[in-house]
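J.: Have a look at this one.
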Amino acid sequence: MSYIIGIDVGTTNTKAILYNLTGKALGQASASYPMYQDSPDMAEEDAEEIFQASLKVINQVIINAQVAGNEVIALSWSAQQHSLLALDTDYHPLMRVMTWADNRAAAITQELKETGVGLKIYQRTGLPIHPMGPIYKLLWLQKQQAQLFQKAAYWVGIKEYLIWRYTGKLQEEQSMAASTGLMNLQTLTWDPKLLAIAGVKEEQLPPLVPITTKITGLRSKYAQATGLSTNVTTVMGATDGALSTLGLSGLQTDTLTINIGTSAAVWTVSPQPILDQKARLFCYPILRGQYLIGGPLNNGGIIFDWAKNALFKDQQTTAQLLKINDFDLLNKIAATSPVGAQGLLFHPYLGGERAPLWNADARGSFYGLNRHHTRADMLRAVLEGIVFNIYTVATTLKQIVPAPQQILVTGGFVQSTLGGQILADVFNQKISIPQIHESGCLAAMFLAKIALGLETDWSHIQNNINLQQTFIPNYEAVQRYQELFPIYFRLNKHLSNEYQAITKYQRK
């Protein structure tokens, strides 16, 4: 028998799933690691801790699946976008990994936005103007950590570093390179003008390759540590956004995919690159002639977790006593509030925001609060605010691509009936919930099959996906949300004028 392992290197957790060649998952494993936030706006991780997590999950998933390690024919990688790591001449890390959530380049990004340079970067790369982009992180490092910047021999992301550790081969696939703000969207090569802006040389960056690129062989000490063969094939893989989308919809251009986990993302596939004139949407290549358009959001389920701890700490004890999931209990509480939370709106920008605002200084707020509102109303407003924010991105997307014929949603948010119904009512469209929960690992496995010549295209991936549930819009709820959403949207514009001022005050 032959098997493939799909690996997803997330922000605070790495997962591995082992599949047989029919696409059936036989085992899975995960390992977490901390995020370091020693100062305001910092969001770093330790490359060695992530590497050790990857060793652990590969070894554990083979054990869990009860297969022989030498029967695993390929590893295929999915990973978080926008990470940045400096290496010395021996490829040793000189710093911790700066993640997408690191906002220390916010001031530099704002300056480039105001001068128009940021828009020019977007037009050449498809990367929205936001400090998540490694091009902006490089500019910040150049000013704030000049000694480190000068010492760096290579600049990579976490996926490139991990693959180098396992194989001894340093290269970068094009979907991840598009996340850096240094790759030209038209030529799919490192852009000399952008490299000059960032102050780096092309030889400091890995060579660019397609996402299906294969590397044969594993360093013997890591083969021994994981239980794999030294002859296993490594497939470069792609970004987590690309693979989670491909794992749900293949290359269907009439489908909108939404994931609402800790953060959230809204994507659709296009046969050509399409840029938004206001730089509100991300556009990057995944395969030859196929592009992903949409936007990642900072604020998904993490906002619900905040509400749980800030508003309902006591209810968690009740849930434990009743032996029920506190997530289920809080959804039941939120469901006691009527649609629209009695006119209470919530803007869920507790950690800045990428799409739709692309503003690291954005902050959250309740609006419309009066003496009649209860904690249940506040909780429902939080859920509705998360969906309104996602709908804003989808509305922007529909301005430049055809309206989707189907909407597929995954993530913990839609494991409750309330979350799925709010989505259907706000979007005024049927919402389908696939049975699969780890679409990124599934797509990584399927990508490996294409790279190995076991599949010719993405059409068969749909055979691995069954719908778990569908939600149909409720007419009365749709009408209420259509009244509320314009107010929510207008408030976004008014509040944005004060985000920088309140954030400056908070940073004191």
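The values are calculated or read from the model by the stated rules, or taken from the named source; none is laboratory data. Everything numeric here is computed off the predicted structure, so don't read it as measured data. A quick note on method: Cβ atoms are made from the backbone with ideal geometry, for glycine too, and the neighbour counts reach across all protein chains shown. These accessible areas exclude ligands, DNA and RNA; they are computed on the full protein's heavy atoms, side chains included. Shrake-Rupley method; radii C 1.70, N 1.55, O 1.52, S 1.80 Å.
J.: Restricting to Cα pairs below 8 Å that are 6+ residues apart, what does the relative contact order work out to for segment 250-507? Please round to a whole percent. Please report the intermediate quantities before stating the final value.
T.: On the way: 410 pairs, mean separation 53.3, N = 258.
Relative contact order for segment 250-507 comes out at 21 percent.
J.: May I ask you to derive the FRET efficiency for Gln147 and Val117 from their Cβ-Cβ distance with R0 = 25 Å, giving the value to the nearest 0.05?
T.: Rounded to the nearest 0.05, the efficiency is 0.45.
J.: Right, next: Find the relative contact order for segment 150-302 and round it to a whole percent, using C-alpha pairs within less than 8 Å whose residues are 6+ positions apart.
T.: Details: 245 pairs, mean separation 29.7, N = 153.
It comes to 19 percent, rounded to a whole number.
J.: With a sphere of radius 13 Å drawn around the Cβ of Leu127, what net charge do the other residues whose Cβ falls strictly inside it have (Lys, Arg +1; Asp, Glu -1)? Could you put the intermediate results ahead of the total?
T.: Working: positive: Lys113, Lys120, Arg124, Lys137, Arg280, Arg354; negative: Asp191, Asp276.
Charge balance in the 13 Å sphere: +4.
J.: A further question on this structure: Evaluate the charge dipole of segment 341-389 about its Cα centre and quote only its size in Debye, nearest 20, assuming +1 on the Cβ of each Lys and Arg and -1 on the Cβ of each Asp and Glu.
T.: With only Lys, Arg, Asp and Glu charged at Cβ, the dipole is about 140 debye.
J.: Taking only protein heavy atoms into account and a 1.4 Å probe, give the accessible area per residue of the chain in Å².
T.: About 41 Å² of surface per residue is accessible.
J.: Order the following by accessible area, largest value first: Lys214, Lys193. Probe radius 1.4 Å; ligands, DNA and RNA are ignored.
T.: In descending accessible area the options line up as Lys193, Lys214.
J.: Determine which residues of segment 1-40 fall in the zone a paramagnetic label at Leu454 would reach in this model, i.e. backbone nitrogen under 20 Å from the point 7 Å along Cα→Cβ.
T.: Residues 1-9, 15-29 fall inside that zone.
J.: Quick one: Cα centre-to-centre distance for segment 41-103 and segment 416-485, in angstrom?
T.: 28
J.: Compute the label zone of Lys214 within segment 435-461: residues whose backbone N is under 20 Å from the point 7 Å along Cα-to-Cβ.
T.: Residues 442-461 fall inside that zone.
J.: Another question, if that's okay. Have a look at Leu248, Gly412, Pro473 and report the one farthest towards the positive end of the charge dipole of the chain, computed about the Cα centre with Cβ charges (Lys/Arg +1, Asp/Glu -1).
T.: Pro473
J.: If you take mean projected area of the Cα convex hull in nm² from the coordinates, which of [x] 27.1; [y] 23.1; [z] 21.2 do you get?
T.: [y]
J.: Could you calculate the contour length gain from Glu498 to Leu188, that is, 0.36 nm times the residue separation minus the distance between their Cα atoms, to one decimal place in nm?
T.: So the chain would gain 107.8 nm between Glu498 and Leu188.
J.: Quick one: pull the percent of accessible area on segment 250-507 belonging to carbon and sulfur, 1.4 Å probe, ligands and nucleic acids left out.
T.: Reported share for carbon and sulfur atoms: 50 percent.
J.: Looking at the square roots a ≥ b ≥ c of the eigenvalues of the Cα gyration tensor of segment 182-282, which shape do they give, rounded for a/c under 1.5, prolate if a/b is larger than b/c, or oblate?
T.: Oblate, because a/c is 1.5 or more while a/b does not exceed b/c.
J.: Next question. Shape call for segment 122-195 from the C-alpha gyration tensor, a ≥ b ≥ c root eigenvalues: rounded (a/c under 1.5), prolate (a/b greater than b/c) or oblate?
T.: In terms of gyration-tensor shape, oblate.
J.: So what is the relative contact order for the chain, in percent, with contacts set as C-alpha pairs under 8 Å and at least six apart?
T.: Relative contact order for the chain comes out at 15 percent.
J.: If you place +1 on the Cβ of every Lys and Arg and -1 on the Cβ of every Asp and Glu, how big does the dipole about the Cα centre of segment 3-247 come out, in debye to the nearest 20?
T.: 360
J.: What is the extension gain from His372 to Leu94, computed as 0.36 nm multiplied by their sequence separation minus the C-alpha to C-alpha distance, in nm to one decimal?
T.: Details: separation 278, 0.36 × 278 = 100.08 nm, distance 5.51 nm.
Gain on stretching His372 to Leu94: 94.6 nm.
J.: While we're here: How far, in nm, would the chain grow between Ile400 and Asn309 when pulled straight, counting 0.36 nm per residue and subtracting the alpha carbon separation?
T.: 28.9 nm
J.: Moving on. Given the -39500 (n - 2.57) contribution per DSSP H run of 4+ residues, what per-residue ellipticity at 222 nm results for the chain, rounded to the nearest 500 deg cm²/dmol? Please list the in-between numbers first.
T.: Numbers: 18 runs with 202 residues, N = 508.
Computed ellipticity for the chain at 222 nm equals -12000 deg cm²/dmol.
J.: If I model a spin label at Gln482 and Thr230 as a point 7 Å from the Cα along the Cα→Cβ vector, what separation in nanometres do I get?
T.: 6.7
J.: Can you tell me the FRET efficiency between Asp38 and Arg507 if r is taken as the Cβ-Cβ distance and R0 is 22 Å, rounded to the nearest 0.05? Each step should come with its number before you reach the end.
T.: Working: r = 15 Å, r/R0 = 0.67.
So the FRET efficiency works out to roughly 0.90.
J.: Now a separate question. Name the trypsin sites (Lys or Arg not before Pro) in segment 301-404 that are in a loop by DSSP and that have at most 13 other C-beta atoms within 10 Å, would you?
T.: When the trypsin sites (Lys or Arg not before Pro) of segment 301-404 are filtered for loop state and at most 13 Cβ neighbours within 10 Å, Lys323, Arg371, Lys398 remain.
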